[in-house]
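Here the structure comes first, spelled out in structure tokens, and everything after it is commentary.
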Amino acid sequence: MYNKKPRPAATPAGLGARVARERFLVRGLDLVLIHPPVTLPCEPPVGMGQLASLLRRRGLEVDLVDENLESLLELVASVPLARAASTAERRALRGRPRALAQLRGPAAYQSLDRYRHAVHDLGAALALASAGSSASVGLANYLEAERSPLSSEDLRAAAREPERSPFLASFRALAERLAERAPRLIGLSLNYLHQALPALALAGVLRARLPRVPILLGGALLGCWRGRLREDAFAPFVDRLVFADGPAALLAALAPGLAPPSPAELLAEPPDYAGLPFASYLAPVRIAPVPTSEGCPWGRCNYCPEALAAARFLPVPAAQVPGLLAATWQRAEAGLLHVCDSAIPEPALAALAAERWDVRWYGFARFYPSLAQPELARGLGRAGCRLLQLGLESASPRVLARLRKGVSPKLASQALHALADAGVAVYLYLMFGTPGETREDALRTLEFVEEHAKLIGFLNTSLLNLPVASAGAEDLELSPLAGGRNDLSLYSAFRHPEGWERRDARRFLEREFSRRGAIAEILRRTPPIFGANHAAFFVEGARSAAAPSASAADVSTKLA
């Protein structure tokens, strides 16, 4: 049982956003960290929270800007009703205020139809906002007809011509705010492909307005491009690309005399989201992301990018994990924690299962043998675990062996039964079109899901994207993806050794798998667009998460 009082939040509870806004207006600062569009606007970005915690503890003035949230909301609001060309479009535009209110409160999560309408209306508004341009904007995606985020030249073009961005008005407003503050350094965080083109457009706007302020571009996506881009690849719009060790690079630029942090230090402290507008995110409670490890505890799966980085696995010691979650819950005044590991380590799950508290959480895990034990599953349910995301990929032992998943259909079945009995919902991930898979293998997966349909809360189905330099791909006939200018491509095309090509797997998913009655029902109740980020709010027994939850003081008292 965790019996130590969590450290108090750096900013007094309830004052974080107001204090940060006042600081933004009247004081100078060392660093602004910016999260560009487009990612799901339901929770703050965890990397910025980690960096802010570490840098603020070292005495640096750091402001956080979730430009993704600001840009998407501004774009939703910007579309005049006169632009609607049909009754459906007029209905969607009139429904914007209602949709936002429903997604920020309990109403949308008490009716799946109401939820779908709210998500649809916001998506329709974004589509209308970008109509007539070369860009297509969604709640979770961004595409340009004439530019690719995998082309270094197209990324430079986005920085040179930011006026083509549908987010231009929001970017310029941000640049004006920053010009009043004169920060010593600006950091842009780039983690997903859908952020790449907007991030460079934002860099172009910031460079034009703040020509003497250094701009650094870092994040997980930059790590994938290490070796393909020079540090000055996007100069003069970006002064330096940070491919790894972002905290050390920021400290070296801002305070050369301070010792660089270790990766373990970055994980040890709860993220600090002070200053971010929690009330504006599309969620019924504050969702606070928190990692308990870096990398993957397994790291051996063929065709997985994590396998290439297996040596980087670093967990928070299991005994410290409950304290980390409790302190994050208190600091963020959260209603739900998103444990955003690649897979929560098995010892951390065991430590969490021993807790009795009001903290609610969800996250990814593996089909560990211990998950099949009713005692651990019941402990997780009592410890606030609302949902586990679990990757099975296939129910064919032959395919699982080639994938080197380290799990079996039998173990998965046992774990699904144990978790269902404990009241822990499962968000199951399946992947089709993998090398070696045949139609017969795909049918085994279909049969497994049908057999266990009552134990599966939600489903994610996908087709394999084969990462470049993927482990286990030595016997495959590889070729570059279509698009000759995509010099930053992360994936390879391949000829399927069994003739079960991508189009065959897609046809199977669309025409057979998704049309089976029990499977269709699971897919129907899986939240569109937001997926696992909202699924916990639909779990029976978790409805209280959408009502006023235990305060940070209550949690602190119970844990003291």
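Evaluated with a Cβ-only charge set (Lys, Arg +1; Asp, Glu -1), segment 285-555 carries a dipole of roughly 360 debye about its Cα centre, given to the nearest 20. Annotation for segment 43-118 versus segment 316-368: alpha-carbon center distance of 26 Å.
Among 386-396, 370-380, 91-101, 415-425, the peptide with the highest mean count of other Cβ atoms within 10 Å heads the list, and the full ranking is 386-396, 415-425, 370-380, 91-101.
Derived scalar couplings between HN and Hα for segment 397-414 equal x, 5, 5, 4, 5, 5, 6, 6, 6, x, 9, 9, x, 5, 4, 4, 4, 4 Hz in order, rounded to whole Hz, by the Karplus curve 6.51 cos²θ - 1.76 cosθ + 1.60 (θ = phi - 60°), x for Gly and Pro. With Cβ to Cβ distances under 10 Å as the rule, what net charge do the other residues near Gly379 carry (K, R +1; D, E -1)? Neighbour charge sum, excluding Gly379 itself: +1. For Phe508, Phe513, the sequence from fewest to most other C-beta atoms within 10 Å is Phe508, Phe513.
Rounded to the nearest 20, the size of the Cβ-charge dipole of the chain about its Cα centre is 1020 debye, with Lys and Arg at +1 and Asp and Glu at -1. For a 4.7 Å threshold on C-beta separation, the list of partnerless cysteines in the chain reads Cys42, Cys224, Cys296, Cys340, Cys385.
Residues whose amide H lies under 5 Å from that of Leu466, counting only those 5 or more places away or on a different chain, are Ser492; hydrogens are built 1.01 Å from N in the peptide plane.
Annotation for Arg507 and Ala279: the two label points, set 7 Å from Cα along the Cα-Cβ direction, are 5.5 nm apart.
The Cβ shell under 15 Å around Glu89 holds other residues with a net charge of +4, Lys and Arg each +1, Asp and Glu each -1. Among the listed values (i) 24.3; (ii) 44.1; (iii) 35.2, the one matching mean projected area of the Cα convex hull in nm² as calculated from this structure is (i).
Taking each DSSP H run with n ≥ 4 as -39500 (n - 2.57) and averaging over every residue of the chain yields -12000 deg cm²/dmol at 222 nm.
Using a cutoff of 8 angstrom between alpha carbon atoms and counting only pairs six or more residues apart, the relative contact order for the chain works out to 15 percent.
Computed from phi, the 3J(HN,Hα) profile of segment 160-166 under the Karplus parametrisation 6.51, -1.76, 1.60 (θ = phi - 60°) reads 6, 10, x, 5, 7, 6, x Hz, with x in place of Gly and Pro.
If you take the charge dipole of the chain about its Cα centre, with +1 on Lys and Arg Cβ and -1 on Asp and Glu Cβ, which of Ser479, Ala259, Val407 is farthest toward its positive end? Going by the Cα projections, it comes out as Ala259.
Rule-based calculations on the coordinates, nothing more; no lab input. Since the model is a prediction, treat every value here as computed from it, not as a measurement. In this analysis, Cβ positions are derived from the backbone assuming ideal geometry, glycine residues included, and neighbour counts consider all displayed protein chains.
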